[in-house]
Every structure is written in structure tokens, then in C-alpha cells.
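Below are the C-alpha cells for one structure; questions will follow.
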Amino acid sequence: MAYRVLLLPGDGIGPEVVSQAQRVMEAVSAQFGLQLEFDSADLGGIAIDRQGDPYPSSTQTLAKSADAILLGAVGGPKWDVLPASARPERGLLAIRADLDLFCNLRPALLFPQLAASSSLKPELVAGLDLLIVRELTGGIYFGQPRGIETSTAGIRKGFNTDVYDEVEIRRIARLAFQFAQKRGGRLCSVDKANVLEVTMLWRDVVSELASDYPDVELSHMYVDNAAMQLVRAPKQFDVLLTGNLFGDILSDTAAMLTGSIGMLPSASLNADSRGLYEPVHGSAPDIAGQGKANPLATILSAAMLFRYSLDQSEAADLIEKAVEHVLDSGLRTADISGKESEFVTTQTMGDAVVAAISTLA
Ligand code: IPM
Ligand code: MG
């Protein structure tokens, strides 16, 4: 049986990093005798330019029939002049909502080889391995009403609505408990229950589930404290569960602890484990087309794709081992090199991972 994988290279460095990840997926599939069929479609700024819509119906059709989707990045200064409702980022939000990808997994794992690249002291981050479980299709990102209005007195007012119902909270919380069961057995739910009603409900619903998972130690933390703890003592965390906006912010913070946002993969899953996989970093228009981008976050996202959507955990393990091997060998892209002059290109890094896959298989 062939798996259908949809590539959405997107904007900026997206196409460069996705093409390296595609080569890695081909290499690993060859090793395990898996058949992958690739399609490619437009999402984000490129889709606006070519088809006048950041999530065109041609992309939607392919996305709905794919077994898994690998995305590069969307957005760039060229489209920043557009109104919020027409920007490339809207394409990303639309595909998340359309495929009901409510469960966003953002692991922050420090490769020991990169401890010196972390913004924190090596002893604070050595061995760091945490998982952020971010609710991705609700909360203030999607709540209604939203908008910018002008009053009769000519005063403009902007507003959004942070809203979760208990069904939405329960389905993401259950997955977070299950991930905690498979990992270190600790779940910390992050909210702002001292101020926001929506997160008071969040805390109540998460607490109600705890008795179903007696092997998981549940704690709660306010988001301001969680932000502080992430940069003070990040190793205290195993699984962090949070809503859409707090998850967006905390996952960028966690990324920096690991040395570079260029290293961090993510998965966005629906209830059937179909998913969209993407690096946590953005489109980095400042370095696009220069061969400077680090493809490892996208390559590691491809590993997650094999693990969660194709149920091929050995293929996933092999990709992750190949990445470690390449880091061991000393290869660094600019973002993780620490030295202005000594770094390899996106392509060279991709070549090295492909070579490591056949060496290690
Ligand atoms: C992310 C990004 C997106 C988000 C943007 C590009 C819409 O920052 O995936 O974290 O805010 O969710
Ligand atoms: Mg973000």
C-alpha cells in the first residue's frame, strides 16, 4: 500500500527545507520498503500570489485525501500589507481548522551536542526533554466575535474572544494525559485561572479527568509563572498542556532552550491521527534562498510524520538517529554553529542526513 504525502513548501525558506526533508523521507522509505507518493500544493503567500487565496480549494482537496502533510512555513513581509483576513497565516489557520487538527505536539528536546547553543547555562538544559501539548483549533485564535470596529465617535476598537467549551478541553486534555503516561508520568496544565473564566473552566475540566489517569501526576500553573519556570528550571517539566495562545508563546520560549528554533519539529493531529507536520520556525525571509536555513526541524517533523500518521516508528527512529549522527560528526548550519564563518548549507546538511540513513540502517 502506498502512503500519500502532501508537501506544502510555502514561503521563504519553506521550499528549501521541505525538499531536504523529502529526500530524507525517500531514503528512509527505501530502507524499509515503504511506498510514498508525494503531491505538492500551495499554501500561504505563494497560494495568494498564484491562486488569490492562502488556502485554495485545490490544496484543500489534496489535503483531505492525504495520509499526512508536510509543511515548510508561511508568510513574509511581501504580504504583511494585506488585511489580517487575507494574510498567508490565515491559510495555516484555515487548514488546521478544516482538518480539525486540534492536537499540536511540540517536543523540546536538547541534543547534547548543542548544549552550548542554548540561551541558558548548559547545566540548566542538559537532558532537557519536554513536550508541549497545545490546543490548536480553538481559543482566542478562532473565537467569535472578533474584529476592529469604529464607533460613531470615530474611535477604533479591536477585539477577540477567548472561548473553550468543555468538549474541546476534554479531548485535548485526554491526549495530554496519555502522552504523559507514555513519557515521564507528569502533566502540568497551564492557565490563567486567577483572572480568565475560560481558563477557570479549563482547570476544572482537566482536574475532573485526573482520576481516569491515576498513574499521571497532575499539576496546574499560571502562564506567567510557567514562562518564568521555563527559563529558570525547565527540566522540572515533562508534559505541558495548554490552550492555543499560551501554547504559541511558550513553545517559542521552549524552542530557544534547545539551542535553536531551527531544530524543533511539530505535529498537528486530528482524532484519526491524520496530521500536518511542520517545523516550529517561521519562513525566515531574511535568509530565504541563500542555503543558510537549517533543515533539521523539518527533517525531524518528517520523523514525527512516520511515527504518528504512518505508524512507522522504526522509520521515525532511524531519521532521529541519523540527525544525531550528523550532529555528532560536527556539521552545523549557521543558526547552531556559534561561529560566523563555519557552517554548512541546507543542502549539505540534507545530504549528510541522507548518507547517515544508509550508514545506520
Ligand atoms: C505557530 C505560528 C502560527 C501560530 C502563526 C504563523 C499563525 O506562530 O505555528 O506557532 O500562531 O499558530
Ligand atoms: Mg508560534
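Throughout, read-outs are computed from the coordinates displayed, never taken from laboratory work. Quantities reported herein were computed from a predicted structural model and do not represent experimental measurements. Quick reminder, even Gly has a Cβ in these numbers, built from the backbone with ideal geometry, and neighbours come from all protein chains shown.
Which peptide among 98-108, 121-131 comes first, and what is the full order, when sorted by highest mean count of other Cβ atoms within 10 Å? Mind dumping the intermediate values first?
Working: 98-108: 21.3, 121-131: 15.9.
Descending packing order for the listed peptides: 98-108, 121-131.
Related question: Check which residues have an amide H placed less than 5 Å from residue 333's amide H, if you skip close sequence neighbours.
Answer set, sorted by chain and number: 344.
Using the basic label-point model (7 angstrom from Cα toward the beta carbon), what is the residue 157 to residue 224 distance in nanometres?
2.6 nm
Less than 14 Å Cβ to Cβ from residue 247, Lys/Arg counted +1 and Asp/Glu -1: what total charge do the surrounding residues give?
Details: positive: 96, 106, 134, 192; negative: 135, 162, 168, 191, 248, 252.
Taking every Cβ under 14 Å from that of residue 247, the sum is -2.
Using modelled amide H (1.01 Å from N, peptide plane; none on Pro or chain starts), what sits under 5 Å from the amide H of residue 108, excluding residues fewer than 5 places away?
130, 131, 132
Something else now. Could you tell me whether the stretch 1-83 comes out rounded, prolate or oblate from its Cα gyration tensor? Rule is a ≥ b ≥ c as square roots of the eigenvalues, rounded for a/c under 1.5, then prolate if a/b exceeds b/c, otherwise oblate.
Working: a/c = 4.15, a/b = 1.80, b/c = 2.31.
Cα axes put the stretch 1-83 in the oblate bin.
Let me ask something else about it. Using the 2.2 N^0.38 Å rule of thumb for compact globular proteins, work out how the stretch 198-292 stacks up: its C-alpha Rg over that value, please. Provide the component values of the computation, followed by the final result.
Values: Rg = 16.3 Å, N = 95, 2.2 N^0.38 = 12.4 Å.
Against the compact-globule rule of thumb, the ratio is 1.31.
Treating the beta-carbon of each Lys and Arg as +1 and of each Asp and Glu as -1, no other charges, what is the dipole magnitude of the chain about its Cα centre, to the nearest 20 debye?
Details: 30 positive and 45 negative charges, 78 e Å.
About 380 debye.
On a 27 Å Cα-Cα criterion, which of the cross-link pairs 182/235; 157/192; 235/292 come out too long?
Values: 182/235 17 Å; 157/192 24 Å; 235/292 31 Å.
Too far apart for the 27 Å limit: 235/292.
Considering only C-alpha atoms, what is the centroid distance from the stretch 286-307 to the stretch 113-142, in Å?
With the stretch 286-307 and the stretch 113-142 each reduced to a Cα centre, they are spaced 17 Å.
Apply 1/(1 + (r/R0)^6) to the Cβ-Cβ distance of residue 32 and residue 194, taking R0 = 45 Å, and write down the FRET efficiency to the nearest 0.05.
On the way: r = 50 Å, r/R0 = 1.11.
Using R0 = 45 Å, I get an efficiency of 0.35.
In whole Hz, with x marking every Gly and Pro, tabulate ³J(HN,Hα) for the stretch 118-135 from phi via Karplus 6.51 cos²θ - 1.76 cosθ + 1.60, θ = phi - 60°.
With the stated coefficients, the stretch 118-135 comes to 5, 7, 9, 4, x, 5, 6, 10, 4, x, 4, 7, 10, 10, 9, 9, 10, 5 Hz.
Also: Can you find, among 257, 315, 305, the residue sitting farthest towards the positive end of the charge dipole of the stretch 231-361, where Lys and Arg contribute +1 and Asp and Glu -1 at Cβ?
Farthest towards the positive end: 257.
So if I place +1 on the C-beta of Lys and Arg and -1 on the C-beta of Asp and Glu, and nothing else carries charge, what would the dipole magnitude of the stretch 135-286 be about its Cα centre? I want it in debye, nearest 20. Working shown, then result.
On the way: 14 positive and 20 negative charges, 49 e Å.
Dipole magnitude for the stretch 135-286 comes out near 240 debye.
Right, here's the next one. Nearest 0.05, what FRET efficiency do residue 149 and residue 249 give at R0 = 35 Å with Cβ-Cβ as r? Could you put the intermediate results ahead of the total?
On the way: r = 26 Å, r/R0 = 0.75.
With a Förster radius of 35 Å, E is 0.85.
Still on this structure, please answer the following. Subtract the Cα-Cα distance of residue 236 and residue 210 from 0.36 nm times their separation in residues, and report this length gain in nm to one decimal. List each step's numbers first, then the result.
Values: separation 26, 0.36 × 26 = 9.36 nm, distance 1.96 nm.
Contour length minus the Cα-Cα distance gives 7.4 nm.
Still on this structure, I have one more. Can you give the three extents of the C-alpha atoms in the stretch 54-169 along their principal axes, from longest to shortest, in whole Å?
Ordered largest first, the stretch 54-169 gives principal extents of 58, 42, 39 Å.
Can you compute the radius of gyration and Dmax for the stretch 129-257, using only the Cα atoms, both in Å?
Rg and Dmax of the stretch 129-257, Cα atoms, are 16.1, 58 Å.
To continue, here is another question. What FRET efficiency would be calculated for the residue pair residue 321, residue 84, taking the C-beta separation as r and a Förster radius of 41 Å, to the nearest 0.05? Write out the running numbers ahead of the final one.
On the way: r = 42 Å, r/R0 = 1.03.
After rounding, the FRET efficiency stands at 0.45.
Once Rh for the chain is found with the Kirkwood sum over Cα pairs, what is the Stokes-Einstein diffusion coefficient at 4 °C and 1.567 mPa s, in µm²/s? Don't jump to the answer; show the numbers that get you there.
Numbers: Rh = 21.0 Å.
This corresponds to a translational diffusion coefficient of 62 µm²/s.
Show that you can apply the helix-only estimate: for the chain, add -39,500 (n - 2.57) for every DSSP H stretch of four or more residues, divide by all residues, and state [θ] at 222 nm to the nearest 500.
Details: 13 runs with 152 residues, N = 361.
Dividing the helical sum by the residues of the chain leaves -13000 deg cm²/dmol.
Peptides 40-51, 317-328, 153-164, 223-234: what's the order by average Cβ count within 10 Å, highest mean first? List each step's numbers first, then the result.
Details: 40-51: 21.7, 317-328: 20.0, 153-164: 11.3, 223-234: 16.0.
With the highest mean Cβ count within 10 Å placed first, the list reads 40-51, 317-328, 223-234, 153-164.
With both partners inside the stretch 148-286, how many of the DSSP beta bridges are antiparallel, as a percent to the nearest 5?
Values: 8 of 17 bridges.
DSSP beta bridges in the stretch 148-286 are roughly 45 percent antiparallel.
Another one. For the stretch 5-48, state what percent of all Cα-Cα pairs lands in each successive 10 Å bin, counting from 0 Å until the bin that includes the largest distance.
27, 48, 20, 5
Exposure proxy check: 308, 213 ranked by fewest other beta carbons within 10 Å?
213, 308
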